[in-house]
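Below: one structure, written as structure tokens.
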Amino acid sequence: MEFFDLHCDTLYAAVTKQTPLYQNNLAVSVRRGLCHKPWVQCFAVWIPDTLRGEEATRFFDKACDYLYEQAGQHSGELVICTTKEELVAAVQGRRCAALLTVEGGAVLNGKLETLDHLASRGVRMMTLTWNGSNELGDGVKVQRPKGLTAFGKQAVAKMGRLHMAVDISHASEPLFYDVASFYDGPLVASHSNAKAVCPHPRNLTNEQFEQIRRSGGLVGLTLERSFLATGGDVSCTSVLRHADHFLSLNGAETLALGTDFDGADMPDDLNAIEKMETLYETFLRHGYEEALVRAIFFGNAFRFFCRLGQKEADTRQPAQ
């Protein structure tokens with residue numbers, strides 16, 4: 001099975017628990033994930049709302065160093081990809097193709113030059129906020145939220161110039177619509193579901209999904225229980241209801257997966273990377289054509305990151 005996951009918090013868990021990425025008891029390990037071939041995994045450096053200023057930037061560097069260290073130890077099976085060429089080669093070589101991302105714009109410490117640092121270390125996508133506020137704008141749990149700050153507009157514009165994908169999962173609605181009106185590049189909601197199916201504040205309205213679709217972006221179906229359904233049992237069929245809804249909005253080329261492994265409470269039948277085969281088979285049994293299922297599970301996200309402008313590979317900094 002081909003698998004491309006737009007979001008997991010496994011890197012944060014591995015760093016804070018000092019657990020190897022290759023073999024562990026987390027939801028994602030490289031060893032278990034390689035049952036999917038090819039496999040592309042976005043490893044997010046989560047910046048909690050308790051981390052601010054230079055401490056946030058230092059934590060990013062710590063996590064980034066750890067990912068490069070782990071990739072160096074298992075170079076035959078795990079490779080960090082910063083260019084289209086590296087991504088294609090890793091996929092063809094049946095290795096785990098790792099894309100480095102950041103969840104939380106507080107990592108910038110209010111400094112535009114920090115974006116250059118992130119880009120030099122290989123960051124391919126950044127979520128603008130987590131649930132609270134930072135220098136770019138307000139997250140989804142802020143009361144009376146506002147949109148992009150002046151610094152936020154500068155940062156988003158620079159992300160475009162650096163070919164770094166703009167991720168609006170966790171954004172408040174004012175922030176989302178400010179970004180959508182200000183930024184003319186593709187938008188990504190790396191791990192969000194449909195509000196029409198489950199009215200969780202982290203889920204997307206139909207209008208938000210349409211904005212992302214029209215931008216040429218991606219929406220990653222996520223496996224967090226509370227984003228799938230309000231109470232009751234949740235399972236593979238819960239994910240299908242969100243997929244059905246987004247597909248009814250002409251989302252066949254927009255829909256992808258963003259599991260949120262190691263950062264969410266998940267259904268028992270979907271709580272580890274090796275169980276994604278079960279979800280894949282559920283989609284097929286539901287009556288989706290195999291070409292559509294392959295697009296959702298791999299092709300749409302792979303095409304997006306291959307098209308996203310790429311820097312020269314030699315700008316990446318090795319682990320310190």
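The values are calculated or read from the model by the stated rules, or taken from the named source; none is laboratory data. Given the structure is predicted, the values throughout are model-derived calculations rather than measurements. Cβ placement follows ideal geometry from the backbone for every residue including glycine, while neighbour counts extend to all protein chains displayed. Calculation scope for accessible area: heavy atoms of the full protein, side chains included, ligands and nucleic acids excluded. Shrake-Rupley method; radii C 1.70, N 1.55, O 1.52, S 1.80 Å.
Brief remarks on what is shown
- Filtered residues of region 50-63 (kept if buried (at least 16 other Cβ atoms within 10 Å of the Cβ), touching a helix residue (DSSP H, G or I) at 6+ places or on another chain (Cβ under 7 Å) and either outside any helix (DSSP H, G or I) or not β-branched (Val, Ile, Thr) (or both)): Leu51, Arg52, Ala56, Phe60, Ala63
- From the options Val239, Val219, Val156, Val179, residue that is of a type in the set (Val, Ile, Thr) and closer than 16 Å to Asn300 by Cα: Val219
- First in region 49-60 and among the hydroxyl-bearing types (Ser, Thr, Tyr), second anywhere and in a loop (DSSP other than H, G, I, E, B), Cβ under 6 Å, 6 or more apart: Thr57/Asn109
- One residue stands out in region 212-225 among those that are in a helix (DSSP H, G or I) and either touching a helix residue (DSSP H, G or I) at 6+ places or on another chain (Cβ under 7 Å) or not β-branched (Val, Ile, Thr) (or both): the one that is surrounded by the most Cβ atoms within 10 Å (Cβ to Cβ), namely Arg213.
- Of everything in region 164-173 that is open to solvent by 10 Å² or more (accessible area, probe 1.4 Å) and of a type outside the set (Gly, Ala, Ser), the residue that is farthest from Ala256 (Cα to Cα) is Glu173.
- Among the residues of region 234-249, those that are under 17 Å from Asn206 (Cα atoms) and part of a helix (DSSP H, G or I) comprise Val239, Leu240, Arg241, His242, Ala243, Asp244, His245, Phe246, Leu247, Ser248.
- Only one entry of Phe151, Phe176 meets the criterion of being touching a Leu at 6+ places or on another chain (Cβ under 9 Å) and open to solvent by 30 Å² or more (accessible area, probe 1.4 Å), and that entry is Phe151.
- Within region 221-243, the residues that satisfy the criterion of being charged (D, E, K, R) and in contact (Cβ under 8 Å) with a residue 40 or more places away in the chain are Glu224, Arg225, Arg241.
- Qualifying positions in region 184-211 - crowded, with 23+ Cβ neighbours inside 10 Å and of a type in the set (Val, Ile, Thr): Val188
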